[in-house]
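This report refers to the structure that appears directly beneath it.
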Amino acid sequence: QGNVWEVARESKAVDVKFGGQVYLEEVDGVLQPVYKDPYIIRAVPYDTGIVGYKNNHVNTMRLWDAQIPASEEVKFPTIESRRKVEDLTSVLYPDDSNEEGRLLRLRQEYFFVSAGLQSIVRHYKKYGKPMSEISNHISVHINDTHPAMCVAEFMRILLDDEKMGWDEAFDQTVKTMSYTNHTIMSEALEKWPVSLIERVQPRIMQIIAEIDRRYALELAERAETDLISGTRIVNNGIVHMAHLAIIGSHSTNGVAKLHTDLLEQDVLKDFYHLYPERFNNKTNGITIRRWLQIADPRLAKIIDKTIGTKWRSNPKELHNLATHLNDRRLIADIGKAKHQNKVDLAKYIKQTTGIVVSPDAIFDVQVKRLHAYKRQLLNLLKIVKYYLDLKDDPKKDVVPRVFIFGAKAAPSYHYAKSIIKCINEVGNLINNDKTIKDKLKVVFLEDYGVSLAERIIPAADVSEQISTATKEASGTSNMKFMLDGALTVATLDGANIEIKDYVGEDNIFIFGLKKEEVLQYEADHSYQSSDYYANDPILHRVLDAFVDGTIPSIGAEGAEIFNSLVHANDEYFVLRDFEDYLRAQGEVEKTYRNPSLWNKKCLVNIANAGYFSSDYTIQKYADEIWHVAPSDPLDGKDCGANGQYPL
């Protein structure tokens, strides 16, 4: 598609079987699978070299293209049937609200899993090492449940292609596989009907069923029936992909301390009881070089001048900035760099939206996936409250604010789309109201992604990290914002807790329910959101604005949001946290009025952001899960006799 850095590797293509039927036939006393009427898709790799930072290393990122082999063309006679093959590698996160979308998603998952594992095994075999030792040399990491079929596909390769016995194959599989859980939201832990997996790849379903049968049999002698039943991979015709990933791997980790604690104590507690040695935490990290060195060159230059350039390869060097907290010139320079970044973003906003914003205002930013638990809605209620206050008293002394949103909703997530609609209509109302004299502006930047984030994050004053406690696994935008000198308004959720521990409570604005309070509400069902609507006149007025015509053009969406918060009992405790959220925002405004104090707090955040470098996170994965040591091909010490880089 015109990417000059991409190299097609036709000779490395592999075949991926789909559909048909599979039955087992005994050959020389061994059961062998026989495929009947499958169709085959050719997976063609495209490799891109990814250059390391000043370390003489180039890694390979391999992408796959789905193609129809000449021998299979007769099975794809129509344009529509051929397009479905193209969709395997061209449609990202297809709409799964219907069976056709779910089928595409499952086919995608198997296509990438099978292509990747076949490629890995073929590469391994070039070294002449026995398959019985593959786990000594290869690690395969299951990143959330989407590639969980890795477990069954690896078993298929070892059993069917390499003729390994079941026990040895499963032992090698468990030792090779490791799994990162990225969510505690049950709906995000994939579950697939048996019938759907059978349609996509019947042999994989056979192997999953056998893993499940042997798992239950093995546990029968040492575990209670309820525990076995609750941890089965296949239950009532549904395949639980997280269970497959845990049972079929040697390591399961969460991505922030709180998240891992919740997995062990609640979401996956039965598995933790069975396999405590498999559970561990690896707090997420971010690429410091991208988010500071590349995205915020003004700030990077100031840091270089203050502490040198070693932080670019050793991010913990940023902590040396902590010795400069009383350097008034440095603090002023950080403020100037931030202001110029805001000038740049203001120009971009005008160019792309036509909205004029002042770089002297607080740039209050929430950019992330649109989901109810991330509570963009709480932010929106705050904005409506501020607007109504200014309508009551246009002369009210407030620090002007620009509220910036960037978000995408999943294709079938109607509620999230309604929130996006309401944010934009509130923006239209506020941005065109001359009576408030530009004291508030609301900007929703379309098509949010990494490139847009690189513009927004360096210009942010306030980072909104306001998910309901216990719902965000980690978050990484929170780390990016602190690195670029924004101050965080946060609940005690995900990695926000670890950020607070590093920067100190004086340098972050904490509010809202704590983990224990949320879990208590969910256990005893004592929360009644309608009481907050009835008893809090401020909240009552703000919520009414969604249904009484105050906010134009949101008839259906406004009613949907009002009903979810008031009548459907506000699943994510937006109304419960509203008052404390306003308190924290008052602290934000008070602090911002003192520029030197504000910028000093920004410096504290920057100085502690190095702890969240992905360099260190990946090192922990390498040391504690994959057991792989770094090798430097320049010194020759790790090369074999033939000069080849080892596995």
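Going through Lys590, Lys600 one at a time, which residue ends up being basic (Lys, Arg), without any contact (Cβ under 8 Å) to a residue 12 or more places away in the chain and in the same structural domain as Leu378 (by TED's automatic domain parsing)? Full working, then the answer.
On the way: Lys600 fails: without any contact (Cβ under 8 Å) to a residue 12 or more places away in the chain.
Criteria check complete, one pass: Lys590.
Based on what the data block shows, is Lys305 part of a helix (DSSP H, G or I) and surrounded by fewer than 14 Cβ atoms within 10 Å (Cβ to Cβ)? So Lys305 passes the test.
Summed over the range 109-165, residues that are closer than 26 Å to Ser11 by Cβ, more than 33 Å from the chain's Cα centre (by Cα) and part of a loop (DSSP other than H, G, I, E, B) total 7. Tell me yes or no: at least one residue of the range 419-438 is under 14 Å from Glu464 (Cβ atoms) and of a type outside the set (A, V, I, L, M). No, because not a single residue in the range 419-438 is under 14 Å from Glu464 (Cβ atoms) and of a type outside the set (A, V, I, L, M). Checked against the criterion of being exposed (fewer than 14 other Cβ atoms within 10 Å of the Cβ) and either more than 20 Å from Leu117 (Cβ to Cβ) or at pLDDT 95 or above (or both), the candidates Val22, Val7, Val44, Val16 yield just one match: Val7.
Regarding Val384, is this residue of a type outside the set (Gly, Ala, Ser), within 30 Å of Tyr413 (Cβ to Cβ) and in contact with a Gly (Cβ under 6 Å, 6 or more places away or on another chain)? Answer is no for this residue. Being surrounded by 13 or more Cβ atoms within 10 Å (Cβ to Cβ) and aliphatic (A, V, I, L, M) is the filter here, so list the residues in the range 74-94 that pass it. Hits for the range 74-94 are Val85, Leu88, Val91. Residues in the range 48-86 that are in contact with a helix residue (DSSP H, G or I) (Cβ under 6 Å, 6 or more places away or on another chain) and closer than 16 Å to Gln108 by Cα: 4 in all.
Scanning the range 222-257 for residues that are closer than 22 Å to Lys175 by Cα and of a type in the set (Ser, Thr, Tyr) yields Thr231, Ser249, Ser251, Thr252. When residues in the range 166-195 are screened for being over 30 Å from Ala256 (Cα atoms) and either within 19 Å of the chain's Cα centre (by Cα) or crowded, with 17+ Cβ neighbours inside 10 Å (or both), 1 of them pass.
Looking only at residues of the range 166-183 that are among the polar types (S, T, N, Q) and not in a helix (DSSP H, G or I), we find that the one that is modelled with the lowest pLDDT is Thr183.
I'd like to check something: does the range 360-377 contain any residue that is under 22 Å from Leu543 (Cβ atoms), in a helix (DSSP H, G or I), modelled with pLDDT of 95 or more and among the polar types (S, T, N, Q)? Scanning the range 360-377 turns up at least one residue that is under 22 Å from Leu543 (Cβ atoms), in a helix (DSSP H, G or I), modelled with pLDDT of 95 or more and among the polar types (S, T, N, Q).
Could we say that Glu100 is of a type outside the set (A, V, I, L, M, F, W, C), in a helix (DSSP H, G or I) and at pLDDT below 95 here? Criteria met by Glu100.
Mind checking whether some residue in the range 318-341 is more than 23 Å from Val489 (Cβ to Cβ), in contact (Cβ under 8 Å) with a residue 40 or more places away in the chain, part of a helix (DSSP H, G or I) and under 22 Å from the mean Cα position of the chain (by Cα)? Within the range 318-341 (the criterion being more than 23 Å from Val489 (Cβ to Cβ), in contact (Cβ under 8 Å) with a residue 40 or more places away in the chain, part of a helix (DSSP H, G or I) and under 22 Å from the mean Cα position of the chain (by Cα)), the answer is no, since none of the residues qualifies. Considering only residues in the range 382-413 that are without any contact (Cβ under 8 Å) to a residue 24 or more places away in the chain and not in a loop (DSSP other than H, G, I, E, B), the one that is nearest to Glu100 (Cα to Cα) turns out to be Asp389. Within the range 109-155, the set of residues being among the aliphatic types (A, V, I, L, M), more than 22 Å from Ile233 (Cα to Cα) and in contact with a Pro (Cβ under 9 Å, 6 or more places away or on another chain) comprises just one member, Ala115.
Is it the case that the range 323-343 has a residue that's at pLDDT below 95, outside the structural domain of Thr180 (by TED's automatic domain parsing) and farther than 29 Å from Ile404 by Cβ? No, there is no match, as no residue in the range 323-343 is at pLDDT below 95, outside the structural domain of Thr180 (by TED's automatic domain parsing) and farther than 29 Å from Ile404 by Cβ. Considering the range 230-279, the qualifying helices (runs of 4 or more DSSP H), each wholly inside and each with 3 or more residues that are within 21 Å of Cys150 (Cβ to Cβ) and touching a Leu at 6+ places or on another chain (Cβ under 8 Å), run over 241-247. Residues that are part of a loop (DSSP other than H, G, I, E, B) and among the small types (Gly, Ala, Ser) within the range 1-42 comprise Gly2, Ala13, Gly19, Gly20, Gly29, listed in sequence order.
Among the residues making up the range 261-298, those that are buried (at least 20 other Cβ atoms within 10 Å of the Cβ), under 24 Å from Leu483 (Cα atoms) and touching a strand residue (DSSP E or B) at 6+ places or on another chain (Cβ under 6 Å) are Lys282, Gly285, Ile288. Taking the criterion of being surrounded by 24 or more Cβ atoms within 10 Å (Cβ to Cβ) and not β-branched (Val, Ile, Thr), the residues of the range 488-508 that qualify are Ala490, Asp493, Gly494, Ala495, Asn496.
Across the range 280-297, the number of residues qualifying as part of a helix (DSSP H, G or I) and either polar (S, T, N, Q) or in contact with an Asp or Glu (Cβ under 6 Å, 6 or more places away or on another chain) (or both) comes to 1.
What do you reckon, is Glu218 acidic (Asp, Glu) and either surrounded by 20 or more Cβ atoms within 10 Å (Cβ to Cβ) or at positive phi (or both)? Taking the combined requirement at face value, the residue does not satisfy it.
The values are calculated or read from the model by the stated rules, or taken from the named source; none is laboratory data. Since the model is a prediction, treat every value here as computed from it, not as a measurement. Using ideal geometry, Cβ is built from the backbone for each residue, glycine included, and neighbour counts are taken over all protein chains shown.
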